Amino acid sequence: MRTGIAWLVMLSAATCQAQTGCQDTDRWDGLGVVRCVSVEEEPASAESIRPRAPFWTAERKSRALDLGIVTAVTAYGVSRWEWGESSFAFRSEGWFGSDTGSGGADKLGHAFTGVAATAIGTALHRRWGFDEQTAIRRGAFIGLLLTTAVEIGDGFSPDHGFSWEDQVVNMAGVGFEYLRQRHPRLRERMQFRWEYLPSEAVTRGGHRDILTDYSGSRWMLAFPLHAWGANQGGWRWFELQLGYGTRGFAERDREYFDRPRRYPFVGIGIHMPLLARRAGLSTGTARTLEYLQIPGTAWPLPP
């Protein structure tokens with residue numbers, strides 16, 4: 001019986017559409033009769049056909065990055081640097097003296113962190129579609145946010161404290177990279193790099209934090225000769241360097257060095273970013289080599 005009624009409904013609907021041209025709805029009136037109701041189609045509005053905006057807009061990505069930096073830095077500091085083990089305190093650490101905790105190597109580490117964070121932040125905001133000047137400003141904010149978060153966290157560490165000297169070099173690193181991003185010519189002429197070769201405290205002593213392995217690090221300002229006019233001959237492949245590093249200041253390094261030493265140097269190196277571009281490597285690889293010095297490509301070699 002239900003099958004027969006269903007077929008009658010379908011037949012009535014088909015007849016109604018054929019006779020009246022009804023295209024939309026057929027309604028059941030409760031008495032076994034199908035009534036064809038003609039409904040005029042309304043044109044789709046602009047709102048109904050407009051594509052839904054993606055959730056991860058450029059602005060939301062930028063804000064999420066800010067939050068992620070603070071969260072990640074806090075988690076790392078609590079787990080590795082004893083943040084939260086004391087109340088907040090200020091502490092003057094000095095600069096590059098032989099009586100300081102690392103001979104000033106930590107200051108250059110802070111500056112490099114500001115440089116690298118600003119460069120990465122700027123590149124991300126460019127990729128997300130921000131205009132050039134906004135990307136650079138937000139990149140500088142990322143650099144300042146990261147380094148300041150680290151310094152505030154150090155204020156809650158029993159071994160450190162908030163150091164205004166550290167904060168000065170944090171801002172210097174961010175400012176230096178901000179200017180490099182704003183002025184492409186300056187970017188070609190000056191590059192601040194970190195060179196790292198694990199110290200014996202890492203390779204033999206079990207130390208795992210390469211960011212504080214100052215006896216395996218040195219930093220340098222590089223001046224590529226081709227950007228200063230030496231475009232002819234072999235000189236374009238080289239760069240002048242002004243650098244600094246220390247060895248043996250940390251307690252864990254004492255068994256591997258006879259005494260703490262500071263190593264300022266003037267050197268010459270192979271300009272690896274230019275070599276990478278000429279070798280057909282990616283632009284990203286060449287850019288990375290503006291910030292990281294490959295051990296063995298500069299003289300004097302690390303002590």
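The values are calculated or read from the model by the stated rules, or taken from the named source; none is laboratory data. For clarity, every value in this text was computed on a predicted model and none was experimentally measured. We place every Cβ from the backbone using ideal geometry, glycine too, and count neighbours over all the protein chains shown. Accessible surface is based on the protein model in full, side chains and every heavy atom, while ligands, DNA and RNA are left aside. Shrake-Rupley method; radii C 1.70, N 1.55, O 1.52, S 1.80 Å.
Some observations on this one:
- A Cβ distance below 6 Å, combined with a sequence gap of six or more or placement on separate chains, defines the contacts here; from region 75-101, residues that are touching a residue at least 12 places away in the same chain (Cβ under 8 Å) and among the charged types (D, E, K, R) reach residues that are surrounded by 12 or more Cβ atoms within 10 Å (Cβ to Cβ) and part of a helix (DSSP H, G or I) in the pairs Glu93/Glu165.
- Residue under evaluation Arg138, criteria (1) charged (D, E, K, R); (2) surrounded by fewer than 17 Cβ atoms within 10 Å (Cβ to Cβ); (3) under 18 Å from the mean Cα position of the chain (by Cα), criterion not met: (2)
- Restricting region 262-276 to residues that are open to solvent by 60 Å² or more (accessible area, probe 1.4 Å), without any contact (Cβ under 8 Å) to a residue 60 or more places away in the chain and touching a Ser or Thr at 6+ places or on another chain (Cβ under 8 Å), the residue that is farthest from Gln293 (Cα to Cα): Tyr263
- The single condition among (1) more than 15 Å from Thr113 (Cβ to Cβ); (2) among the aromatic types (Phe, Trp, Tyr); (3) open to solvent by less than 30 Å² (accessible area, probe 1.4 Å) that Tyr256 does not meet is (3).
- Hits in region 190-234 - residues which are open to solvent by less than 30 Å² (accessible area, probe 1.4 Å), assigned to a strand (DSSP E or B) and within 28 Å of Asp253 (Cβ to Cβ): Phe192, Arg193, Glu195, Ser217, Arg218, Trp219, Met220, Ala222
- Selection of region 205-235 for residues being touching a Leu at 6+ places or on another chain (Cβ under 6 Å) and closer than 16 Å to Glu290 by Cβ yields Trp219, Leu221, Phe223.
- Within region 142-151, the residues that satisfy the criterion of being touching a residue at least 40 places away in the same chain (Cβ under 8 Å) and either open to solvent by 30 Å² or more (accessible area, probe 1.4 Å) or not in a helix (DSSP H, G or I) (or both) are Leu145, Leu146.
- Conditions (1) in a helix (DSSP H, G or I); (2) over 23 Å from Gly296 (Cβ atoms); (3) at pLDDT below 95; (4) not small (Gly, Ala, Ser): number failed by Met171: (3)
- Enumeration of residues in region 50-74 that are open to solvent by less than 70 Å² (accessible area, probe 1.4 Å), more than 17 Å from Thr148 (Cβ to Cβ) and among the small types (Gly, Ala, Ser): Ala58, Ser62, Ala64
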